[in-house]
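The values are calculated or read from the model by the stated rules, or taken from the named source; none is laboratory data. Since we're looking at a predicted model, the values are computed, not measured. Cβ placement follows ideal geometry from the backbone for every residue including glycine, while neighbour counts extend to all protein chains displayed.
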């Protein structure tokens with residue numbers, strides 16, 4: 001597991017939504033936060049984050065503005081839209097459901 | 001709403017494409033910088049940090065490409081790029097683009113125009129409730145040569161009581177009377193007497209006021225009228241206070257009770273040439289059951305009961321017919337004839353419209369063939385370009401997509417122009433058509449027609465460019481590039497297209513030629529009356545000024561006598577229904593004394609009330625006997641040769657007796673006239689009986705003056721009438737030549753449309769032949785150059801190049817002539833005195849097409865004789 005670099009697409013989306021649920025972040029911030037939250041267990045290819053961000057933006061679940069990072073650099077900050085918040089709740093529920101089912105299947109004798 | 005937002009973002013993104021690319025660059029640069037700084041902070045050397053950051057990120061270009069895809073709307077950007085490319089490419093070859101766009105605009109525009117007319121006149125349902133259930137019912141009296149006679153009163157009562165499949169049977173009777181509205185001149189108008197259920201049966205309530213009450217068609221009810229919208233506007237200036245007002249019909253007073261909706265129009269037949277439609281509707285106040293059983297005077301309009309099939313209604317009518325045939329008609333083969341109202345309405349005009357519609361289809365096919373040839377030529381020129389692009393990796397789909405983009409741009413431009421063309425075309429057509437084209441007011445360029453036109457443009461464009469595009473894309477680039485001359489093969493396709501074009505042009509040219517020959521023959525035909533040198537002046541006498549017959553008779557006697565003395569007038573008379581005036585009246589008559597029942601001796605004829613001298617003034621010849629004699633009590637009539645031949649075959653009619661149906665007065669036949677075609681220059685109609693005006697005076701008569709220069713008499717005729725009665729207006733003043741001209745309007749309209757199409761077809765086919773020859777010549781230039789260098793005769797070379805185009809023309813002509821023969825049934829109805837396979841016309845078409853084709857082929861072929869063999873060989 002620790003070696004996984006590829007993630008299911010939906011999983012990456014969920015992780016991004018989760019990360020942005022707390023606060024607006026720029027792309028690098030999101031990738032750093034995911035690494036931290038997962039205890040470095042989830043290693044995503046940093047580049048693959050961006051297509052995912054654009055896709056979520058296209059769906060209208062996140063939106064972005066240009067701003068200035070604490071380091072004084074111009075950066076694009078993403079935040080969740082109301083639709084994105086609803087989407088996050090649903091994906092979270094779906095994921096939990098999926099996990100429970102998998103758990104049950106795997107634990108059955 | 002999310003999808004809406006998404007599209008908004010995509011479109012906005014599209015508009016700011018370059019900016020988004022820049023943003024993506026900035027964002028990635030920011031990410032790499034942050035990662036590098038973080039690594040440096042953790043103690044890495046800047047160089048190593050830079051390398052590790054890039055490694056962790058992955059391929060930048062790959063991420064950007066994925067990012068573009070992920071953003072959605074990618075295809076819009078591609079499409080936009082393709083369209084931009086297409087516009088650039090089309091602007092690069094303006095000649096090709098202009099021809100493509102203009103061809104599409106004209107072809108589709110013309111089709112949309114004609115479709116608009118056909119749709120408006122033939123296809124749109126009539127403005128009644130559930131019009132498909134309305135039937136017109138006629139008496140089929142084939143045994144006396146009248147396939148559609150009006151019904152008798154008792155028959156209508158029988159239908160009403162016995163036909164359970166009919167929800168109702170309404171009666172209508174067209175009539176003409178002198179109508180005087182308050183403050184207006186008296187004018188003879190056509191209006192329709194109807195039973196009180198008429199508007200209920202049609203399902204059309206008046207727009208203003210009320211309709212007829214159920215008891216208003218009984219004898220003795222007050223006379224009331226419902227105005228048509230047009231008449232209300234023209235005679236009452238659309239004043240809504242007209243309800244309750246009075247108008248004068250002949251000598252009785254009528255009350256206006258309602259005004260009909262704008263689009264309401266009731267007619268039982270229509271053509272592109274003759275007027276129809278009533279000014280208003282009045283209540284028919286008679287007891288139908290008490291009408292004479294031999295008097296066929298009533299139109300029957302029935303509505304099939306809900307839930308009953310038309311077939312069932314018809315079979316019930318057949319049963320009732322059989323009974324009436326036995327009981328009333330002595331088993332001589334009477335039957336009710338029923339026909340859908342709409343079917344009957346368009347019966348006369350349908351053949352012409354279908355031929356025009358067919359012609360437009362043919363023209364469209366020729367146009368498509370031309371576009372295909374054009375595209376094919378263009379692609380063969382661009383073969384190298386495509387091959388190079390394919391060689392450097394452009395996918396086949398990409399090439400096809402680019403071609404489609406070009407087509408779409410052309411088609412869209414052509415389609416938009418076509419809308420304009422259709423709009424102009426329809427306006428021109430409405431202007432050129434006789435003002436009484438049925439439902440003319442309903443014509444318009446409607447969005448459906450335009451939409452169909454646009455789709456048609458795109459379909460034609462895609463179809464004509466996709467095939468060559470696929471062909472080009474399929475070819476191996478290496479092969480094309482290796483070829484010395486970048487010509488694409490596929491010569492068979494343009495060859496077949498030229499054959500098709502020539503064949504279709506043959507059909508169009510032949511049809512137009514046949515119509516032209518018909519029109520020429522029709523104008524030379526002898527309709528039984530003089531077609532020029534006659535002035536016609538109609539008078540509608542005011543009933544108040546001429547209350548009794550004696551005064552009416554006296555007035556016309558005096559008018560004709562004075563008119564005959566006018567300088568320049570060669571003969572003068574007066575008549576109730578002049579030729580081609582659409583004002584004839586039918587009556588029943590018999591040559592034997594009347595009996596109580598129907599003995600089958602009655603016949604229907606066109607009644608013509610005339611003064612002595614009318615025949616001479618109108619140029620109607622006498623076959624036998626003499627003209628009507630002057631005098632108030634001459635109980636005599638003239639019959640025409642049609643009646644004489646049918647009823648007095650082998651003997652003379654002169655001296656025999658004639659009776660009006662239901663009348664015992666004996667009128668002696670004193671002469672037999674030529675048959676004058678009162679309705680149509682090209683068709684004989686019912687027999688005619690001329691009745692002396694003096695014994696049955698009519699208030700509405702037309703003065704007929706024979707003169708060398710009739711139009712010069714107009715002023716003196718006005719003067720003459722004013723001199724006899726200053727208060728009496730002339731309703732209509734025209735010449736017989738103008739009348740004849742107008743009666744040919746429909747044929748002329750169809751002819752000019754077809755002639756236009758045929759000329760366009762000829763032009764297109766010629767262009768096609770030119771194109772094929774010219775590309776064949778270009779392909780064989782090298783070969784011809786060698787031959788020429790070896791000493792071949794220039795003229796022989798031209799002949800070699802021409803052989804193929806001439807073969808194609810020959811094949812096309814043969815196919816086209818076959819098509820003409822196959823379609824002869826369709827055009828036969830429009831022809832007059834010309835067979836659909838008229839040899840003179842067909843030979844003319846063959847000569848014309850061969851000449852045009854040879855000329856078109858010779859121009860490029862003659863290049864061969866001028867070419868310098870050395871230059872050609874050096875070119876590659």
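Matching residues to (1) part of a helix (DSSP H, G or I); (2) modelled with pLDDT of 75 or more; (3) over 28 Å from residue B:804 (Cα atoms):
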position: B:462; (1), (2), (3): yes, yes, yes
position: B:473; (1), (2), (3): yes, no, no
position: B:480; (1), (2), (3): yes, no, no
position: B:484; (1), (2), (3): no, no, no
position: B:511; (1), (2), (3): yes, yes, no
position: B:514; (1), (2), (3): yes, yes, yes
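Taking the criterion of being at negative phi and either out of contact with any strand residue (DSSP E or B) (no Cβ under 7 Å at 6 or more places or on another chain) or free of Cβ contacts under 8 Å to residues at least 12 places away in the same chain (or both), the residues of the stretch B:321-333 that qualify are B:322, B:323, B:324, B:325, B:326, B:327, B:328, B:329, B:332.
Need at least 2 residues that are in contact (Cβ under 8 Å) with a residue 12 or more places away in the chain and closer than 17 Å to residue B:534 by Cβ per element, so show me which strands (runs of 3 or more DSSP E) inside the stretch B:567-631 make the cut, counting only ones lying wholly within it. Don't jump to the end; show me each part of the working.
Details: elements: B:569-575, B:585-590, B:603-610, B:622-625.
It comes to B:569-575, B:603-610.
Here's the yes/no breakdown for (1) surrounded by fewer than 19 Cβ atoms within 10 Å (Cβ to Cβ); (2) within 23 Å of residue B:622 (Cα to Cα); (3) touching a residue at least 12 places away in the same chain (Cβ under 8 Å):
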| position | (1), (2), (3) |
| --- | --- |
| B:640 | no, yes, yes |
| B:645 | yes, yes, no |
| B:649 | yes, yes, no |
| B:662 | yes, no, yes |
| B:675 | no, yes, yes |
| B:689 | no, yes, yes |
| B:696 | yes, yes, yes |
| B:702 | no, yes, yes |
| B:718 | yes, no, yes |
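Restricted to helices (runs of 4 or more DSSP H) entirely inside the stretch B:33-116, those with at least 1 residues that are more than 14 Å from chain A (Cβ to nearest Cβ), under 55 Å from the mean Cα position of the chain (by Cα) and surrounded by 16 or more Cβ atoms within 10 Å (Cβ to Cβ) are B:74-92.
Total residues in the stretch B:680-736 satisfying the condition of being touching a strand residue (DSSP E or B) at 6+ places or on another chain (Cβ under 6 Å), closer than 18 Å to residue B:527 by Cα and in a loop (DSSP other than H, G, I, E, B): the figure is 2.
Please tell me if residue A:35 is more than 10 Å from chain B (Cβ to nearest Cβ) and in a helix (DSSP H, G or I). The answer is yes for residue A:35.
Consider residue B:145 carefully, then state whether it is within 20 Å of residue B:315 (Cα to Cα), at pLDDT below 90 and either crowded, with 17+ Cβ neighbours inside 10 Å or more than 28 Å from the chain's Cα centre (by Cα) (or both).
Details: within 20 Å of residue B:315 (Cα to Cα): no; at pLDDT below 90: yes; either crowded, with 17+ Cβ neighbours inside 10 Å or more than 28 Å from the chain's Cα centre (by Cα) (or both): yes.
For residue B:145, the condition - within 20 Å of residue B:315 (Cα to Cα), at pLDDT below 90 and either crowded, with 17+ Cβ neighbours inside 10 Å or more than 28 Å from the chain's Cα centre (by Cα) (or both) - is not met.
To keep it simple, each residue is scored yes or no on (1) under 30 Å from residue B:37 (Cβ atoms); (2) part of a helix (DSSP H, G or I); (3) at the interface with chain B (Cβ under 8 Å from one of its Cβ atoms).
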residue	(1), (2), (3)
A:20	yes, yes, no
A:48	yes, yes, yes
A:52	yes, yes, yes
A:57	yes, yes, yes
A:106	no, yes, no
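Just one of the listed residues (B:579, B:612, B:593, B:567) is buried (at least 18 other Cβ atoms within 10 Å of the Cβ) and over 30 Å from the mean Cα position of the chain (by Cα), namely B:612. Each residue in the stretch A:59-87 was checked for being outside any helix (DSSP H, G or I), more than 8 Å from chain B (Cβ to nearest Cβ) and surrounded by 20 or more Cβ atoms within 10 Å (Cβ to Cβ), and 4 of them qualify.
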